[in-house]
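Undergrad: Submitted below is the structure of interest, expressed as structure tokens.
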């Protein structure tokens with residue numbers, strides 16, 4: 001059979017509505033498979049059956065192949081697409097932020113080729129979501145050839161909620177079950193009063209059911225908490241301050257519209273929790289530029305300074321700079337919790353990246369993140385062994401206990 005696409009110069013990939021899909025136009029799917037047979041893009045042809053895609057140039061059609069019905073979006077040039085890597089997340093942060101740099105520097109509408117993408121974790125989701133919201137103000141964003149599994153997963157995590165990402169078939173996304181003890185969908189924090197509820201959800205997903213106690217059991221009349229709450233309370237408070245600090249820092253230097261995105265998931269086969277807190281603000285260097293602990297004004301040194309006790313929290317020198325003060329449980333203590341529970345933090349700001357678990361600091365030579373991205377990981381079963389009060393700076397622990405009347409122990 002002659003190649004029906006012979007003589008066609010450029011082939012565009014066009015998403016069509018379900019009623020005008022490739023499922024209902026087998027000629028289109030057949031032609032696409034024949035066109036790509038034996039090429040390096042065989043995977044594209046393999047993705048077509050059962051998907052609402054057709055490889056149709058909108059103005060030049062192969063002989064004998066009728067144009068599809070209306071409702072087609074504007075043609076997309078896949079040849080100039082940004083090709084996503086195998087994974088996006090804390091396993092390969094350099095790849096993630098290199099892709100972000102390509103997206104930011106793209107002069108026109110953004111086309112992403114997701115045919116190779118097989119893995120995305122909370123850091124990847126939260127960072128891309130923050131970036132997409134910025135880019136969608138002036139550009140179209142299209143994600144092509146995203147697998148069904150990843151489409152379903154990202155939809156479950158609310159990645160596509162309230163944003164218009166073209167090229168993604170969400171028609172097959174089904175009902176969802178309550179998984180509040182194992183994940184937190186992508187959540188945007190734009191006001192300080194939202195931090196408390198978000199921190200509570202994160203703490204619940206991180207700790208899950210570490211004991212057999214009932215979360216709805218009667219509370220102790222002296223503490224106002226039951227056993228289940230006592231596991232979540234300390235972590236919830238530290239996360240609340242971390243979220244509030246993130247929003248406060250992000251909105252410095254004229255970035256009053258900055259926001260924070262968070263998400264979290266527990267991976268039972270690995271007994272591993274991954275959480276991400278990402279903002280699109282000014283970054284650590286801009287916030288800490290005049291802090292006495294920052295001796296070298298680089299993004300990397302700003303991250304390292306932010307991890308020192310009392311630097312990134314709104315106390316002392318930072319309270320004078322930011323005009324507010326909190327109890328001092330923030331980034332430093334969260335890093336110590338992760339370390340004590342067999343995990344760590346990956347922090348990216350500007351062109352700096354710091355991994356607390358590996359104790360490595362590097363510069364991103366081809367990328368720059370305007371804001372702060374934090375990836376948290378820990379082993380869930382180790383959380384009950386941690387005393388958060390022991391992780392606080394010695395002169396802070398007693399003050400926090402007195403002010404909050406809070407037992408800062410998991411055990």
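Undergrad: Go through 330, 342, 398, 316 for me and flag whichever is surrounded by fewer than 23 Cβ atoms within 10 Å (Cβ to Cβ), more than 24 Å from residue 128 (Cβ to Cβ), touching a helix residue (DSSP H, G or I) at 6+ places or on another chain (Cβ under 9 Å) and modelled with pLDDT under 95.
TA: Of 330, 342, 398, 316, the one residue that is surrounded by fewer than 23 Cβ atoms within 10 Å (Cβ to Cβ), more than 24 Å from residue 128 (Cβ to Cβ), touching a helix residue (DSSP H, G or I) at 6+ places or on another chain (Cβ under 9 Å) and modelled with pLDDT under 95 is 398.
Undergrad: Suppose we filter 257, 296 for residues that are within 23 Å of the chain's Cα centre (by Cα), farther than 25 Å from residue 120 by Cα and surrounded by fewer than 23 Cβ atoms within 10 Å (Cβ to Cβ); which single one remains?
TA: 257
Undergrad: Among the residues of the range 118-132, is any modelled with pLDDT under 95 and either outside the structural domain of residue 378 (by TED's automatic domain parsing) or loosely packed, with under 14 Cβ neighbours inside 10 Å (or both)?
TA: Taking every residue of the range 118-132 in turn, none turns out to be modelled with pLDDT under 95 and either outside the structural domain of residue 378 (by TED's automatic domain parsing) or loosely packed, with under 14 Cβ neighbours inside 10 Å (or both).
The values are calculated or read from the model by the stated rules, or taken from the named source; none is laboratory data. This is a predicted model, so every value here is computed, not measured. Backbone-built Cβ (ideal geometry, glycine too); neighbour counts: all protein chains shown.
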